[in-house]
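Structure, as structure tokens:
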Amino acid sequence: MTQELRAKAERLRQEVRDFYATVMPADLRDKAHRHQVLSKEDYVGWMRLLDKQGWSVAHWPEALGGKGWSPLERFAFEDELARLGCPWVIPFGVKYVGPVIYAFGTDAQKQRFLPGIKTTEEFWAQGYSEPGAGSDLAGLRTMALKDGDHYVVNGQKVWTTYAQWADWLFCLVRTDRDDKPQTGISFLLIDMKSPGVTVKPIRTMDGFEHVNEVWLEDVKVPAENLIGEEGKGWTYAKFLLKNERTAGAIVGWAWHVLDRLKKHARDTRVNGVALINQPLMRNRIGEYELRFMALELAAYQAVTAMVDGTENGSEASLIKLRGTELYQEVMETLVEALGAAGVAVDIATLHSAGLPPLGPDDTGGILKDHFYNRAATIFGGSSEIQRNIVAKVVLGL
Amino acid sequence: MKTDLETIGMLRDSAARYADDNYSFQQRWAVLDTPEGYSRKAWSDFAEFGFLALRLPEEDGGLDGDAVAVGAIMEIVGARLLMEPLLASSVVGTGLLLKLGSDAQKSALLPQLADGSLVLALADEDDAARPCVFADGRLSGRKLGVLHGDIAGKLLVSAQDAARGEAVVVLVDAAGAGVSRRTHKLVDGRGAAIVDFDGAVAELLQPESGTRADAALADIRDEAAVVLCAESLGIVRSLVHITTEYLKVRKQFGRVIGSNQALQHRMVDCLLLQEEIRALTAAAQQALAGPAAERTRIVSGARAYVVHAARKVCNEAVQMHGGLGVTDELDVSHYFRRLMVNAALFGNRDAHFGRFVDAALAA
């Protein structure tokens with residue numbers, strides 16, 4: 001990696017820290033500090049704030065309003081946000097469907113959708129998984145049959161994050177009944193206000209409804225909402241998955257929670273000795289520190305390979321696997337270290353703004369993250385899928 | 001110390017090519033059978049290629065190689081299980097002499113180090129019952145586990161200076177009066193020695209720069225730790241390659257064992273460890289030239305992680321080869337044993353982990 005590129009990334013990190021300190025509204029900072037669940041309004045406000053900084057689509061080409069960020073800048077940006085404990089950059093519009101539209105869409109589609117994605121004027125959700133097609137997307141069964149100038153869509157999507165807030169759903173559908181599993185798939189943009197779209201929230205163990213079932217019953221979708229060619233949806237989906245798997249924020253999340261654990265261990269005394277100086281806890285934190293160092297260095301190595309175009313195909317999987325494992329384990333230790341406070345929260349009140357009955361003011365938020373992060377090794381390609389990919393692509397097994 | 005990438009690529013390629021032609025696993029059996037546990041022919045070839053002068057300043061005919069350059073060679077040393085005293089003499093011995101030797105000492109010894117006529121080993125680990133003491137130009141005490149102490153012509157010995165009450169490093173003729181060596185092999189086939197000094201004539205290393213011996217020893221131990229990371233990377237890369245290929249050909253129950261997901265996933269974990277080792281080694285090489293606190297954190301952290309990770313890969317390579325994995329006949333067991341020695345040199349995993357934790361949690 002060139003010194004110039006490294007310096008650029010460092011400047012960007014400093015800009016992000018300045019932004020957090022001076023631009024980010026106090027209420028959002030407070031919610032972030034307490035790891036509170038954000039409302040749709042919070043998220044839309046957050047994404048627009050990023051847009052005002054020129055950051056929401058900075059990874060897009062300059063001609064489309066981006067800054068043409070390299071993978072290194074993308075990583076530095078998301079990593080720094082995550083370290084500060086900021087809300088995540090909601091990826092469905094700006095990271096997932098946006099690039100698909102500008103890479104494969106028509107001019108009319110670009111003009112229609114890209115501006116609203118950039119400013120989060122329209123909120124997007126991803127319609128990939130189905131009850132019979134989780135990691136194995138080739139098993140999807142939602143049908144979109146051409147009827148004149150529109151498609152009629154029938155099927156069911158599941159695990160659809162923020163579908164309850166979404167204006168649009170980008171969707172993998174089957175446009176040919178007879179084709180092989182991967183060739184009959186197309187990429188369709190569906191207006192969530194269309195008749196026949198029903199959203200049923202799924203409550204997760206943190207008591208919140210992050211994900212949904214989306215039922216599609218005789219939904220009429222204009223043919224002009226097809227991306228690219230019929231039957232090529234798999235190609236576009238793979239392009240999108242590649243973006244999904246860059247896993248930029250995970251390193252920062254792991255850092256953030258490890259930092260939180262260290263603070264707690266310094267502030268908490270047991271039998272007169274700070275937790276961080278109790279041999280067993282010190283050893284555990286030391287192990288996490290070491291694993292974090294390995295993760296961070298491997299992430300830089302991976303990003304450098306992406307910049308140089310020398311990837312071997314294992315890079316994104318490595319970051320996701322190691323990052324999510326560490327994130328989960330450190331979180332477990334933190335919850336354990338909180339002792340009685342770590343279980344003294346009524347799930348039904350986890351998302352209210354009130355203070356927890358015991359422990360520091362961010363205890364509820366930590367628990368929320370602890371529950372939610374169990375999904376980190378499942379979404380975006382489960383750990384098992386990541387290992388399958390590397391075995392096949394890199395090792396040739 | 002700065003070596004450009006092109007030079008480093010050439011060094012790596014020439015070492016790899018040499019190993020291909022002259023140091024295959026089959027050819028290596030002959031080296032294992034020698035009493036001295038290394039190939040004199042290879043050693044003089046390395047001298048010719050300039051590998052032995054890697055650490056030397058350009059004005060002394062060296063390459064002024066930095067940690068990256070040294071690592072490039074040492075990665076091949078690990079990958080091909082080379083037995084010659086590159087680490088002991090060309091990196092550690094030469095490096096310590098460069099830091100602590102007087103101009104006269106350096107100009108006397110460096111040419112011999114570069115042409116391979118002198119093997120200079122560091123005797124650092126005291127026998128707790130007989131620590132080394134230097135007084136009036138004489139050295140007494142016992143050193144343990146001196147890598148290549150069996151073939152060294154001279155020894156650099158860390159000792160306590162009786163008069164000044166501080167650490168010093170002295171130069172001793174290994175065949176001199178008052179020096180007795182009990183030589184032995186290490187589990188990987190290389191030689192070592194337990195060395196007793198009984199009033200042996202010893203020459204104090206006193207650099208014009210005034211560098212203190214304890215600081216120089218700390219530096220050289222860090223440097224050795226980083227070099228061992230590079231060697232481990234070579235070991236791990238070879239094992240990942242060898243084992244992956246084996247999974248593709250070994251058949252059981254009518255299919256290659258590499259088609260089993262359980263083994264695929266474990267092999268992927270080995271590959272991930274390899275990539276982490278690569279990243280940590282590179283970071284440790286850079287950190288050597290950096291500020292002291294950061295250097296300790298990164299170097300010892302890298303060393304602790306790398307030893308642990310490399311050991312996991314070695315264990316998996318043996319396991320996945322089944323019964324063959326534990327045989328002497330197969331190279332896998334030789335990598336396993338080489339890593340055992342590697343892991344025991346210049347501070348083990350716990351020692352480096354402890355140093356890392358104290359540095360990382362110091363804030």
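Read the figures in this text as sums done on the coordinates, not as results from a lab. Not measured: the values here are computed from a predicted model. FYI the Cβ positions are ideal-geometry reconstructions off the backbone, even for glycines, and counts take in every protein chain you see.
A few notes on this one:
- Antiparallel DSSP beta bridges within chain A, as percent of all bridges there, nearest 5: 85 percent
- Between the alpha-carbon centres of region A:234-308 and region A:95-163 there is a gap of 32 Å.
- Reachable lysines from residue B:99, criterion Cα separation under 23 angstrom, eight or more residues apart if same chain: B:2, B:143, B:154
- Shape analysis of region A:309-365 yields a ratio of the Cα radius of gyration to the Kirkwood radius, Rg/Rh, of 1.24.
- Structure remark: mean-square fluctuation, Gaussian network model of chain A, C-alpha springs under 10 Å; the largest value among A:126, A:36, A:53 belongs to A:53.
- The dipole here belongs to region A:135-291: it is taken about the Cα centre, uses +1 on the Cβ of Lys and Arg and -1 on the Cβ of Asp and Glu, and is about 1060 debye.
- Radius ratio Rg over Rh of region B:5-115, counting only Cα atoms, Kirkwood formula for Rh: 0.98
- Over the protein assembly as shown: helical MRE at 222 nm, DSSP H runs n ≥ 4 each giving -39500 (n - 2.57), nearest 500: -16000 deg cm²/dmol
- Selection among B:344, A:210, B:32 by position relative to the dipole of the protein assembly as shown gives A:210 as farthest towards the positive end (Cβ unit charges, Cα centre).
- For chain B, the longest principal axis of the C-alpha atoms and the axis of helix B:261-287 are separated by about 30°.
- GNM remark for chain B: springs join alpha carbons under 10 Å apart, and the peak mean-square fluctuation among B:41, B:312, B:99 falls on B:41.
- Assuming charge only on the beta carbon of Lys and Arg (+1) and of Asp and Glu (-1), the dipole of the protein assembly as shown about its Cα centre is about 1280 debye to the nearest 20.
- Radius, Kirkwood style, for region B:252-301 when every pair of distinct Cα atoms is counted (Å): 13.2 Å
- For region A:3-89, the Kirkwood estimate of the hydrodynamic radius, built from every pair of different alpha carbons, is 13.5 Å.
- Spatial separation of Cα centroids for region B:284-363 and region A:378-397, in angstrom: 26 Å
- With respect to chain A, whose longest principal axis is taken over its alpha-carbon atoms, helix A:383-393 is tilted by about 60°.
- Charge-dipole axis of region B:120-204 as Lys and Arg at +1 and Asp and Glu at -1 on Cβ define it, positive-most pick from B:184, B:128, B:155: B:184
- With the alpha-carbon atoms of chain B aligned to their principal axes, the span from lowest to highest coordinate is 74, 52, 45 Å, starting with the largest.
- Between B:89, B:213, B:244, the Cα set farthest toward the positive side of the dipole of the protein assembly as shown (charges on each charged residue's Cβ, about the Cα centre) is that of B:244.
- Shown here is the pair-distance distribution of region A:250-342: with all Cα-Cα distances grouped in 5 Å bins from zero up to the longest one, the shares run 3, 14, 22, 20, 14, 10, 7, 5, 4, 1, 0 percent.
- The eigenvalues of the Cα gyration tensor, multiplied by 5 and square-rooted, give region B:120-204 an equivalent ellipsoid with semi-axes of 21, 12, 10 Å from largest to smallest.
- Solvent-free Debye scattering, log10 I(q)/I(0), computed from the Cα coordinates of region B:285-363 at q = 0.23, 0.24, 0.25 Å⁻¹: -0.97, -1.01, -1.06
- For region A:283-397, the dipole from Cβ point charges (+1 on Lys and Arg, -1 on Asp and Glu) about the Cα centre works out to 340 debye, to the nearest 20.
- Structure remark: mean-square fluctuation, Gaussian network model of chain A, C-alpha springs under 10 Å; the largest value among A:298, A:348, A:265 belongs to A:348.
- Kirkwood Rh and Cα Rg combined as Rg over Rh, evaluated for the protein assembly as shown: 1.04
- Subset of A:263/A:368; A:31/A:238; A:40/A:146; A:110/A:368; A:8/A:368 violating a 30 Å alpha-carbon distance limit: A:31/A:238; A:40/A:146; A:110/A:368; A:8/A:368
- Rounded tilt (10° steps) of B:40-49 against the dominant C-alpha axis of chain B: 80 degrees
- Applying the criteria of a DSSP loop state and at most 10 other Cβ atoms within 10 Å to the trypsin sites (Lys or Arg not before Pro) of region A:317-369 yields no site.
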